[in-house]
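S.K.: Pasting a structure below so you can have a look.
The values are calculated or read from the model by the stated rules, or taken from the named source; none is laboratory data. None of the values given here were measured: they were computed from a predicted structure. Backbone-built Cβ (ideal geometry, glycine too); neighbour counts: all protein chains shown. Note: areas computed on protein heavy atoms with side chains; ligands, DNA, RNA excluded. Shrake-Rupley method; radii C 1.70, N 1.55, O 1.52, S 1.80 Å.
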Amino acid sequence: MRSTFPKYFLPAILLMACFITAKAQDRYLHLKGNIDNEEAVTADFVIFGSKITGTVQNHFSAGAPVFLHGVISPEGLLELRDKTSDKIVISGSLSESEVLFGKWHHDDEESPFEMSPQLPEGSGPFDVIAVASIQPLTAQPGSPLASYESTFLSLPGNKYGILRDQLTGLVFRELFRSEPAGEPVAMLKNNESAFFSQYQTSNAGIDIEDNYRFLNWEKSRLLTVVYNGNNVISLYMRDYAYTGGDSGLEMGRFLVFDALEGKKVSFTDIFMPEASASLAALLRNAVCSKTGIDPTADLTGYGYFSNEIPAPQHFALTAYGILCHYNIYEIAGPETGAINIFLPYRQLQPLLNPLHPVVARLK
């Protein structure tokens, strides 16, 4: 196969800002290794300032990737937690040679693990562009604060040329919902400026003492990698905003990119035309299984907008299956929350289009 590629809000933000100033090492790591010298694992991490986001794929369980987040110290000490459960998954150290080692936590047990940086054929490097800043609402001591952070991943322009431009344009449009205009860093800075402008304008004249808890705004748009192999790239962006009120709003967006063809992969493209009914049944059964609903029940009685589950707008191709993501308000109201379901390739095999070039690579 040819290859195209050669918990606390303010203290955490302040720590990140100080670390960015002292030791800016924004970077992407594709790691491979083993747990207890037996279970093979792969990780894709984005490090920016003192923060780490990314995914791990346990090849022993061959299931869905796990989304992690955490903080790394200047000495390389880190702790990564499951984004869904907030349980610790990894605690350890990242060496100067970027070898990650320590303890893997699972079911109240700890096992030693080690992963080292590797970029095998069909996997690509990424440049990480990060912007993070804090602004007070007023010049008075103890003013409410707004924080902004955003990351962007780009293939190195000096090596990938048109392919880099194709992926960058898709990330602009599909994930950041912005028309491509100039370099990513300019887009991030423009978004940062617009956020702080809205913060100042929306809260001008508001009584700070009575509304203090609603005036600490936050905007976070973090881009990371779900899968990077076989000339297929699956990207995920967590888009979170708090702009007053009882809670913030989080949206997840995904993009699958064929690095041989230089184009977006759509969910329906990879399935046989006649597979829609069977696929709809699989999606519905998977949602029922995940949420504990009787599959014979009417889903509208459980807060869903329809008794059927549509094909997802957001999905990721992974090493062992397809991760399907439904944001709040896509298939149900806020009481249900966002839903992730995982469909293994072995279950989908009869429905996949064997002539699609990406399907052929992942089978």
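S.K.: Could you tell me which residue of the stretch 305-325 is nearest to A64 (Cα to Cα), considering only residues that are hydrophobic (A, V, I, L, M, F, W, C), out of contact with any Lys or Arg (no Cβ under 6 Å at 6 or more places or on another chain) and part of a loop (DSSP other than H, G, I, E, B)?
M.R.: In the first step, residues of the stretch 305-325 are kept if they are hydrophobic (A, V, I, L, M, F, W, C); the result is 305, 309, 311, 315-317, 319, 322-324.
With the extra rule that they be out of contact with any Lys or Arg (no Cβ under 6 Å at 6 or more places or on another chain), the set shrinks to 305, 311, 315-317, 319, 322-324.
Those still in the list that are part of a loop (DSSP other than H, G, I, E, B) too: 305, 311, 319.
Numbers: F305: 26, A311: 18, A319: 9 Å.
If we take residues in the stretch 305-325 being hydrophobic (A, V, I, L, M, F, W, C), out of contact with any Lys or Arg (no Cβ under 6 Å at 6 or more places or on another chain) and part of a loop (DSSP other than H, G, I, E, B), then A319 is nearest to A64 (Cα to Cα).
S.K.: Cβ-Cβ below 9 Å, separation at least six or inter-chain, first residue in the stretch 170-189 and closer than 17 Å to Y148 by Cα, second assigned to a helix (DSSP H, G or I): which pairs?
M.R.: Taking only residues 6 or more apart or on different chains, the pairs are F176/P184; F176/M187; F176/L188; F176/N191; P184/T168; P184/V171; P184/F172; M187/F172.
S.K.: Considering only helices (runs of 4 or more DSSP H) fully contained in the stretch 105-220, which possess at least 1 residues that are of a type in the set (V, I, T) and closer than 23 Å to V256 by Cβ?
M.R.: Hits in the stretch 105-220: 157-170.
S.K.: When the stretch 170-188 is examined, which residues are found to be open to solvent by 10 Å² or more (accessible area, probe 1.4 Å) and under 17 Å from G124 (Cβ atoms)?
M.R.: Hit for the stretch 170-188 is L170, nothing else.
S.K.: Can you go through G92, G102 and tell me which one is touching a Ser or Thr at 6+ places or on another chain (Cβ under 7 Å), crowded, with 16+ Cβ neighbours inside 10 Å and either of a type in the set (G, A, S) or in a helix (DSSP H, G or I) (or both)?
M.R.: From the options G92, G102, the qualifying one is G102.
S.K.: Quick test of your reading of the structure: E218 fulfils all but one of (1) open to solvent by 30 Å² or more (accessible area, probe 1.4 Å); (2) farther than 16 Å from I134 by Cα. Name the failing condition by number.
M.R.: Just one mismatch for E218, condition (2).
S.K.: Name every residue in the stretch 127-153 that is open to solvent by 50 Å² or more (accessible area, probe 1.4 Å) and more than 29 Å from the chain's Cα centre (by Cα), in order of residue number.
M.R.: A139, Q140, P141, G142
Yes/no matrix, rows are residues, columns are (1) charged (D, E, K, R); (2) open to solvent by 20 Å² or more (accessible area, probe 1.4 Å):
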site: S247; (1), (2): no, yes
site: V256; (1), (2): no, no
site: K263; (1), (2): yes, yes
site: A277; (1), (2): no, yes
site: I309; (1), (2): no, no
site: P312; (1), (2): no, no
site: L317; (1), (2): no, no
site: Y326; (1), (2): no, no
site: I341; (1), (2): no, no
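S.K.: Of everything in the stretch 326-354, what is in a strand (DSSP E or B) and either at pLDDT below 95 or closer than 16 Å to R284 by Cβ (or both)? Give them in sequence order.
M.R.: Listed by number, the residues that qualify are Y326, A332, I339, N340, I341, F342, L343.
S.K.: Show the residue pairs meeting these rules: Cβ distance below 6 Å; 6+ apart or different chains; first residue within the stretch 351-363 and at negative phi; second residue crowded, with 16+ Cβ neighbours inside 10 Å and acidic (D, E).
M.R.: As it stands, the answer is V358/D258, since those pairs meet every condition given.
S.K.: Sticking with this one: Is one or more of the residues making up the stretch 286-300 open to solvent by 20 Å² or more (accessible area, probe 1.4 Å), in contact with a Leu (Cβ under 8 Å, 6 or more places away or on another chain) and in a helix (DSSP H, G or I)?
M.R.: Yes, the stretch 286-300 contains at least one residue that is open to solvent by 20 Å² or more (accessible area, probe 1.4 Å), in contact with a Leu (Cβ under 8 Å, 6 or more places away or on another chain) and in a helix (DSSP H, G or I).
S.K.: Could I ask something else about it? Among the residues of the stretch 88-137, count how many are in contact with a helix residue (DSSP H, G or I) (Cβ under 7 Å, 6 or more places away or on another chain) and more than 24 Å from M237 (Cα to Cα).
M.R.: Looking only at the stretch 88-137, we keep the residues that are in contact with a helix residue (DSSP H, G or I) (Cβ under 7 Å, 6 or more places away or on another chain), and these are 129, 131-135, 137.
Checking which are more than 24 Å from M237 (Cα to Cα) leaves us with 137.
Final tally of qualifying residues: 1.
S.K.: Looking only at the stretch 221-241, filter to residues that are surrounded by 22 or more Cβ atoms within 10 Å (Cβ to Cβ) and of a type in the set (A, V, I, L, M, F, W, C); which one of those is farthest from A130 (Cα to Cα)?
M.R.: Taking the candidates together, the pick is V232.
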